[in-house]
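Structure record follows, encoded as structure tokens.
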Amino acid sequence: MPVIWRAMAEHADRLSMTQTAEVFEDMAGCDVLSSLLDGARAIGRIQPLSARCPIRIVWGASDRTLPFTRYGRPLLAVLDGAELEFLAGVGHVPMIDDPAAVAGAIVRFVDQIEPRTS
């Protein structure tokens with residue numbers, strides 16, 4: 001496993017070297033990332049939000065890149081009524097660590113909002 005993955009994913013060993021190279025090529029070619037980061041710096045702290053729609057924050061319980069205490073807790077504090085779900089055994093890149101858990105979190109949230117009728 002490439003060293004860089006250790007901080008981002010609990011199970012990066014599931015990616016082949018080819019897949020790893022593709023991820024980093026995609027990141028290098030992403031022309032939105034620098035604008036996104038510049039905008040976040042310019043705006044500063046997230047302002048309190050009273051959303052008119054349900055919000056669920058899903059956080060990797062093993063995220064070492066953006067630890068919940070430093071980043072998630074303040075986010076949750078400003079999103080009035082937001083729910084929180086931790087994904088166990090998942091780091092900063094949950095779709096690599098446990099794609100089924102990510103899909104399950106999405107399905108549970110959508111089902112809670114709009115229960116299936118069939």
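Pairing each residue of segment 71-87 that is more than 11 Å from GLY60 (Cβ to Cβ) with any residue that is polar (S, T, N, Q) and exposed (fewer than 15 other Cβ atoms within 10 Å of the Cβ), provided the two are 6+ apart or on different chains, yields C-beta distances under 7 Å for VAL78/GLN47; ASP80/SER50.
Here is a yes/no grid of residues against (1) out of contact with any Cys (no Cβ under 7 Å at 6 or more places or on another chain); (2) under 20 Å from ARG52 (Cβ atoms); (3) modelled with pLDDT under 90; (4) exposed (fewer than 13 other Cβ atoms within 10 Å of the Cβ):
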position: LEU84; (1), (2), (3), (4): yes, yes, no, no
position: LEU87; (1), (2), (3), (4): yes, no, no, no
position: ASP97; (1), (2), (3), (4): yes, no, yes, no
position: ALA101; (1), (2), (3), (4): yes, no, no, no
position: ILE106; (1), (2), (3), (4): yes, no, no, yes
position: ILE113; (1), (2), (3), (4): yes, yes, yes, yes
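Scanning segment 78-97 for residues that are part of a loop (DSSP other than H, G, I, E, B) and more than 12 Å from the chain's Cα centre (by Cα) yields ASP80, GLY81, ALA82, ALA88, GLY89.
Of the residues making up segment 18-76, those that are among the basic types (Lys, Arg) and either out of contact with any strand residue (DSSP E or B) (no Cβ under 6 Å at 6 or more places or on another chain) or part of a helix (DSSP H, G or I) (or both) are ARG41, ARG45, ARG52, ARG64, ARG70, ARG73.
Of the residues that sit in segment 61-82 and are β-branched (Val, Ile, Thr) and under 23 Å from ASP97 (Cα atoms), which one is surrounded by the most Cβ atoms within 10 Å (Cβ to Cβ)? It comes out as THR65. Taking the criterion of being loosely packed, with under 12 Cβ neighbours inside 10 Å and modelled with pLDDT under 80, the only residue of segment 12-23 that qualifies is ASP13.
Quick one: is ARG56 loosely packed, with under 12 Cβ neighbours inside 10 Å and either modelled with pLDDT of 80 or more or on the phi > 0 side of the Ramachandran plot (or both)? So ARG56 fails the test.
The values are calculated or read from the model by the stated rules, or taken from the named source; none is laboratory data. None of the values given here were measured: they were computed from a predicted structure. Virtual Cβ from ideal backbone geometry, glycine too; neighbours counted across all protein chains shown.
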